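Okay, structure first, notes after.
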C-alpha cells in the first residue's frame, strides 16, 4: 500500500536517531521518530526561508522550510526538475507545500543527517499552512498519548495499544520507538505542541481578520469625541458598541491603531488622534 | 523433585524405546543446564525418535519448535504472498482445540478444509502481534482424524461497523437495516433464500447477507452475534446464518456520517458510502479531457478502442488524484460532474480552451493549479485493487476548517 504522507513537525523529525532499514527489496526504509512515527513519505507546509543551488551538475537545490517548531531541510534534485523549478520561482519568504520522501544520510554509524527529498512542490497559502499545523498537532498528540500509555505497560505490544483504540501503524511505531530510544522526553513535545497551537491562536487575531472597517469607524468616533483632552476610552467603547462593534473587537482595534501610530493616549484612559 | 523426574522418566519410557539408564542420564543433563523439566522431557523423547507430546493450544508460546497438536480447522483461506521475489501460495486461518484458538499459516498445501480435525506434527510457532501463530512447513506432517473436537467458544469480538475487515470471524455488531432484498440461490443442490442489503451504525455502513430467515425488515435495529466478514465484490460483507444469533433491539441507531480517517478505509479493503477528508497530494497523469468509446464507454487512445477498434471518441472530463490525510492514501476518481464542480468550469469550456491552445495538456495543468495540495471532503464507494484503494467519489467539496476552534480543541485534549 502507498505510504501515507506524515505531517510531522521539524523538531520531532530532526530529533530522530534511528532508521528502520529496508530488509527486502521494494520495501521502504523509515525514519523512526522518538514518538514512534515511521516516516517514509511526508507532507510539509511552512514558510520558505531560504533556497540555494548546490552541486555543479544538473539542478540540485536545498530549501529551508520553517514550521512553528524548527526547520525542514528539503532537497530538490535533478531527477525531479519540476519540484526544483517550482521552489526556485517562489519568493522568500512565502508559504510552500512539499510532498517528499525521507532523505537519510548516514556517513558513519551514529551520525544521521535527515532531510526531505521533494517529489512535489507548490506555492501554498496561510489556510493550508494552518490546516497543516492542526493536522501535525493532532498526529503528534496521538503519538504522545500512545507513548504515555505504552510507558505504563510492563511489556507493551502493538496488540495492547490497538486494544486501547490506537491505529496499528501508531501502535507498531510507538512500540518500536520505545525499544530503540532510551529516554523519550514527552514533556518537550507537549510544550512544542502548545507553542505550535499558540501560533494559530495568536495569528488568528493579527492576520486572519481585516479590521479596516472597524479602524475607520473608531477613528471617526475618536475624532468626534476627542475635543482638547482626548476622548474617554469608555465613551468611545459605548459609541462603538452602539454602532454594532463587539467590545473585544473595539479594544483590539484600538491597540492596533496605537501600534500603527494613528491613535495615542495623552493620559491613561483617554484617546486622541495623532 | 526427584519423584517428578522419576515420573518424567516413566513417561518417556512409555513413549520411546530406550533403556532407563540412558534416558535418566540425558534428562538430568538437560536439567543441569537449567532446561525446565517439561521441555527436557520432550527433548529426550525427540532424541529417541519419539513423537513429542500433543500439546494444548493454550500452552503454546511464540518461537517454539517441534510442536504437535490435535486441532480443528475453523477457517482457512488461500493467499498469494511474495517472499524474496518469489510468489508462493499459502493457506492461513484459525485452528482450535478445547483450550484455545490460534492463527496458523501453512507454507505447503496440506489440503486443509474448514471443519477438518487434524493431528499436526512438527509445527513451529512464530510471534505475530505478541501472540503465537502456528506455522506449518514442508517438514510438518498433517493427518486427518476421524473424530470431532468442540473448540473453545470464543466470546464474539464486539466491533463498530467501520472496523469490520474481511477475514474476521465471530464478531458481534449492532446496527440498523437500511435496505433488504430477498433472493433464491442454489448452493450445491440445495435451494436457499438469502437476505441481503446494507446495514449501518454510528460509524459506517456495510453490505450484509443473511443465509437464514431471521424475518428482518428495513428499519429494524438488530444485534448479531457470531457473524463473519468476507470480501465480496471488492468490499467487506457481513455474513450471518443459522449459527449466528440475531436479536431485535428496541433502540434507535443514529445513522449519521462519521468522517473516517484514510487508514481505516485502506484497512477495510473497500466499503460502501464512506465519508473522508484528505489533501490532494498528487494529480495522476490521465486526469483532464479523455476520450471514451461511444459503444463500451472505455477510455480510448488515439481514436482506437481496445474492444471496438477505431471509433469516434466522445469527450469526457475526469480527475484521478491521490488524497492523503497523514494516516493513509487512496486514489480518488472524480467524474465529469464533480470535476466540473471542483474546477468551476464545464467540459465545454475546457474543450474551447484546449482548442484555443491546441493542447489538451492545458486542462491537466489547470487541474494541478486548482486542486493540488487542496484539502477536500469526499463521499463515495471504495474498491481495492492491487496496490491501492480507489475511491469513486459521489460528492466532493473543498474542506474549510475553523482553525482556532480546532486549535482550542487540541489544547483542551492536551491539558485534559
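Laboratory data are not the source of any read-out in this text; all were calculated from the coordinates shown. Quick caveat: nothing in here was measured; it's all calculated off a predicted structure. Positions of Cβ are backbone-derived with ideal geometry, glycine not excepted, and every protein chain shown enters the neighbour counts.
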Self-check item: On Cα atoms only, tilt of A:168-180 relative to the major axis of chain A in degrees
Solution: 70
Self-check item: Rounded to 5, percent antiparallel among DSSP beta bridges of the range B:259-403
Solution: 90
Practice problem: Arrange the following residues from fewest to most other Cβ atoms within 10 Å of their Cβ: B:155, B:82. | Solution: B:155, B:82
Quiz item: Under 16 Å from a point 7 Å along the Cα-to-Cβ line of residue A:17: which residues of the range A:102-124 have their amide N that close?
Solution: A:108-114
Exercise. Take each of the peptides B:33-40, B:253-260, B:377-384, average the number of other beta-carbon atoms within 10 Å over its residues, and list them starting from the highest.
Key: B:377-384, B:253-260, B:33-40
Exercise. Would you please give the FRET efficiency between residue B:127 and residue A:219, computed as 1/(1 + (r/R0)^6) with r the Cβ-Cβ distance and R0 = 51 Å, to the nearest 0.05?
Key: 0.10
Quiz prompt | P(r), alpha carbons of the range B:55-154 - 10 Å bins starting at zero, rounded % | solution = 16, 53, 27, 4, 0
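Restricting to Cα atoms and excluding each atom paired with itself, what does the Kirkwood estimate give for the protein assembly as shown in Å?
On the way: mean 1/r = 0.0327 Å⁻¹.
It works out to 30.6 Å.
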Quiz item: With a 10 Å Cβ neighbour count serving as the proxy for reagent exposure, in which order, fewest first, do A:225, B:317, A:232 appear?
Solution: A:232, A:225, B:317
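Within 10 Å of each Cβ in A:183-190, how many Cβ atoms from other chains are there, averaged over the peptide?
0
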Quiz prompt | In degrees, nearest ten, helix B:347-357 long axis to first principal axis of chain B (Cα) | solution = 70
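Hey, what did chain A get for relative contact order, percent, Cα under 8 Å, at least 6 apart? Intermediate values should be presented prior to the final figure.
Values: 454 pairs, mean separation 40.4, N = 274.
Value for chain A: 15 percent.
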Quiz prompt | the range A:5-124 - percent relative contact order, Cα under 8 Å, separation 6 or more | solution = 25
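Would you tell me the mean number of C-beta atoms belonging to other protein chains that fall within 10 Å of each C-beta in A:126-134, as a whole number?
So the per-residue partner count for this stretch is 5.
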Self-check item: Using a Förster distance of 22 Å, the FRET efficiency for residue B:298-residue B:337 (Cβ separation, nearest 0.05)
Solution: 0.70
Exercise. Subtracting the Cα-Cα distance from 0.36 nm times the residue separation, let me have the gained length for residue B:33 to residue B:181 in nm, one decimal.
Key: 46.6 nm
Exercise. Arrange B:389, B:31 by Cβ neighbour counts within 10 Å, fewest through most, would you?
Key: B:31, B:389
Practice problem: Subtract the Cα-Cα distance of residue B:346 and residue B:149 from 0.36 nm times their separation in residues, and report this length gain in nm to one decimal. | Solution: 64.4 nm
Quiz prompt | Rel. contact order, % - alpha carbon contacts under 8 angstrom, at least six apart, the range B:55-154 | solution = 32
Practice problem: Please sort B:303-314, A:136-147, B:99-110 by packing, taking for each peptide the average over its residues of neighbouring beta carbons within 10 angstrom, highest first. | Solution: A:136-147, B:99-110, B:303-314
Quiz item: Per-residue mean of other chain beta-carbon atoms within 10 angstrom of the beta-carbon, peptide B:400-408?
Solution: 6
Practice problem: Quote the FRET efficiency, to the nearest 0.05, computed for residue B:259 versus residue A:229 with a Förster distance R0 of 56 Å and r equal to the Cβ-Cβ distance. | Solution: 0.45
Quiz item: In deg cm²/dmol, rounded to 500, what helix-only [θ] at 222 nm does the protein assembly as shown give when every DSSP H run of at least 4 residues adds -39500 (n - 2.57) and the total is split over its residues?
Solution: -9000 deg cm²/dmol
Quiz prompt | the range B:259-403 shape via C-alpha gyration tensor axes, a/c threshold 1.5 | solution = oblate
Quiz item: For helix B:2-15, what angle does its Cα long axis make with the longest principal axis of chain B, in degrees from 0 to 90 and rounded to 10?
Solution: 80
